[in-house]
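What follows is calculated from the coordinates using simple rules that are stated; it is not laboratory data. Keep in mind that what you see is a predicted model, and the values were worked out from it rather than measured.
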Amino acid sequence: MTYDIVIVGGGMAGQAFALSMAKTDYKIAIIEPHSPNPTLNKDFHSRVSAITPSSEQLLKDINAWDLIKRKHAFSHTQVWDQNSHGTLDFHAHDENLPHLGHIIENDAIQSALFEALGKTDVEFVSAKLESIEKTTAGYQLQLNNKQALDCQLLIGADGARSNVRSLANIGFSENNYQQKAIICNVKSTQSFNSTTWQRFLSDSIVALLPLGENQASIVWSADNDLADELISLDKPAFAKRLSAAVEYRFGEFEMLSDIQAFPLIERSANEYVKENLALIGDAAHNIHPLAGQGINLGFSDVRELSKQLEDNNKNLGDYLTLRKYARARRLDNELMAKTMTGLNWVYKENNEPLRWLRGFGMNIINENPQLKSFLQKHALGNS
């Protein structure tokens, strides 16, 4: 079977790219061995994303935004530090915006993308990629169902452990933070006030992402030893520990989900593109979840690659065209990754001079409208 574009990976980035290219005449297939249409349960899923206005616009442009069944807007972000006097407050009205973003379950986004793709000619192939071979026209792919596919452009959208990246012999750099992100959903006795909250502790970082008036998704990033200790707690003990970690600002917490954890590792592919091949999303880069920018960076990849391909008058897999995408995206992605690494270090160090400097710096930013606006625009994807 021959296609113009084959996308390996049917997650959020892969499906969004397929939708962004579906308005062209290209024949497109997505290879995904698992169900590309997750089931949305009554209870919120604990894997969520903080979707920026820039990503919201992309999802509107590809006709997926209105299909997202549940999303919670937030208009305020507040950061406070246990070991200094520093605070940061970001408000939507500072940028004349109705909101700073939306907290949305990853499954809800993917389900909407899948529904939108149902109105296109994009095909899904339920199989696993086994090998790729460069051809004159592009690539030939061998799947585990014995099927062979040919394409002009191969897209690796298959996550941090990308098989496409590996089979294309693209190396990557890796920074293992020796940390885990603990995730769960909680109910509070006091409102989250449409605000995302982040508390920097002496030994960890807690983020609270509101799913509703009194429900939130928690991302608690901690060194492995502390993370393992927290994971070992039963639900009531964990809820009590979490309530204390954020100074009982939201009253007492009640657990609404199981406690899960995953290792925090930053990766960056040495190359985003080769002739007839491009990596997007976590296959190209994945970062510390400190700023909640993961899928937003992936959606920015989708927008940029689609733009370069649509503006291109050459062959679909033209290397120089793909290089324009890589150059446009690498600087932004790596700047965000290094910023997150730096912030993670700054807030882990707790000697007295650095604590004072940290608090002083946070307050300087908070009291400087121009500097705060610059940082806020970058976080919103408007830089």
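Descriptive notes on the structure:
- Listed residues L320, L297, L201, most fluctuating in the chain (Gaussian network, C-alpha, under 10 Å): L320
- Among P98, P38, P53, the largest mean-square fluctuation in a Gaussian network model of the chain, built with springs joining Cα atoms closer than 10 Å, belongs to P98.
- Partners for K71 among aspartates and glutamates (Cα-Cα distance below 16 Å; same-chain residues under 8 apart left out): D43, E56, E105, D107, E213
- Considering only N185, N296, N83, the Gaussian network model of the chain with Cα springs below 10 Å gives its largest mean-square fluctuation to N83.
- Only helices reaching 18 angstrom along their own axis (Cα) with mean Kyte-Doolittle hydropathy no lower than -1.0 count here, and for the DSSP H runs of the chain these are 294-311, 319-348, 352-366.
- Nearby lysines by direct alpha-carbon distance to K119 (threshold 19 angstrom, same-chain neighbours under 8 apart not counted): K23, K27, K60, K69
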